[in-house]
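Below you'll find the structure, written out as structure tokens, and then a few comments.
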Amino acid sequence: MQPLNVRVPEKIIERLDAISKRNGISRSEIIRSSLIVYLNLLENLGEFVSLRDLKLFPRDIRSERFRDTSILHLKDLCIVISSTSSGAIGSKDEDIIKIDERELGRIMARCAIIKIISLGAHPALLVSNLSVEYHPMGARIFEGIFLEAKRAGVKDIVEGHTEENFKTQQTALSIVGVGITDEKNLKFGVSRRGDLIFVLGDPKVGYEVVGSEMIGIEDVKRVRKLHYVHDIIPVGRRGIKHQLYEFRGQFGHKIELNDDIGIDIEKSAGPSTSILISLDKRYTEDFQRKIKRGELIGKIL
């Protein structure tokens, strides 16, 4: 690495020191990670907005949150920030679910990326932190993350912290994803009265996930490209039924469920093995022809 000297206001130094103390990382690590994120955003901005026109004032900035995903609105530009984590899953002695570290990294990266794509954003960056040693387990987890990120077209992956001070008995990790889009392509809270609700992917958790077929990033991309699809909501540990309640609470919709649902709507979907899809009912046949595994479970009243 090359050294870089920069002059910054005292307030920035105070903020750096506060973050450093709270997270146990050095100023250099914070600055390096911040530059990677910022440069990545600048490199991708050309697809969405002119950098010369991106002059921001406090009134131009607002944010909103849906579950573990945040959306930062900067004028016409939107930055989507997703997160996911896992614990007691790996190959260490005290791990409850035994799994190859590469597959673990791949599955968790997929989860963070799907949350970004579902909102109509392009995944640009992943930042991962592990609570295991770098060699050998951490390196294998990072390898899986890199593999899945490359498939999704993510340009930058930041290898964050690993645990080098103590010997750990369980595996844990977290991944934060950053995506970019513009206001016109952001798909959040756009469902309408009369929309049908489909589920794509069976809810799976624990060993059901290991080595199994799941909805992939390409599946979500294909659904997102359909002009008549409104909201796509990844389902997590609380299951489809709870996600529908959040869907109703967040967007103010009333939902009527079918009586003959052939899927367990109360079961955990683990690392987003299921997604909810709302769409214009006029295009039901086209959707079912193109997305053959989707199951109709209800409608928005």
(1) at pLDDT 95 or above; (2) surrounded by 23 or more Cβ atoms within 10 Å (Cβ to Cβ); (3) not in a strand (DSSP E or B) all hold for residue 106 apart from (2)
Screening 275, 261 for residues that are surrounded by 13 or more Cβ atoms within 10 Å (Cβ to Cβ), under 14 Å from residue 66 (Cβ atoms) and either out of contact with any Phe, Trp or Tyr (no Cβ under 7 Å at 6 or more places or on another chain) or not polar (S, T, N, Q) (or both) leaves only 275
Being modelled with pLDDT of 95 or more and either in contact with a helix residue (DSSP H, G or I) (Cβ under 7 Å, 6 or more places away or on another chain) or surrounded by fewer than 23 Cβ atoms within 10 Å (Cβ to Cβ) (or both) narrows 132, 176, 158 down to just 132
* Determine whether segment 110-132 contains at least one residue that is assigned to a helix (DSSP H, G or I) and over 20 Å from residue 272 (Cβ atoms). => no
- Query: Is there a residue being within 30 Å of residue 281 (Cα to Cα) and under 19 Å from the mean Cα position of the chain (by Cα) anywhere in segment 122-131?
  - Reply: yes
Checking 14, 10, 47, 64 in turn, the sole residue that is at pLDDT 70 or above and within 23 Å of the chain's Cα centre (by Cα) turns out to be 64
Among the residues of segment 208-215, are any under 30 Å from residue 101 (Cβ atoms) and among the polar types (S, T, N, Q)? yes
Taking segment 148-181 and keeping residues charged (D, E, K, R), in contact with a Gly (Cβ under 9 Å, 6 or more places away or on another chain) and part of a strand (DSSP E or B) leaves 159
Filtering segment 135-166 down to residues that are among the aromatic types (Phe, Trp, Tyr) and closer than 24 Å to residue 24 by Cα yields 142, 166
From the option list 166, 188, 198, 146, single residue qualifying as hydrophobic (A, V, I, L, M, F, W, C) and at pLDDT below 90 is 188
Within segment 149-168, residues being among the hydrophobic types (A, V, I, L, M, F, W, C), more than 11 Å from residue 123 (Cα to Cα) and in contact (Cβ under 8 Å) with a residue 60 or more places away in the chain number 1
Practice item. Taking residue 267 as the residue in question, decide whether it is in contact (Cβ under 8 Å) with a residue 12 or more places away in the chain, surrounded by 14 or more Cβ atoms within 10 Å (Cβ to Cβ) and not hydroxyl-bearing (Ser, Thr, Tyr). Key: yes
Residue 138 meets each of (1) touching a residue at least 40 places away in the same chain (Cβ under 8 Å); (2) under 22 Å from residue 32 (Cα atoms); (3) of a type outside the set (A, V, I, L, M, F, W, C) with one exception, condition (1)
Here the residues within segment 58-95 that are assigned to a strand (DSSP E or B), among the small types (Gly, Ala, Ser), in contact (Cβ under 8 Å) with a residue 40 or more places away in the chain and at negative phi are 82, 83, 85, 86, 87
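The values are calculated or read from the model by the stated rules, or taken from the named source; none is laboratory data. These numbers come from a predicted model, not from an experiment. Using ideal geometry, Cβ is built from the backbone for each residue, glycine included, and neighbour counts are taken over all protein chains shown.
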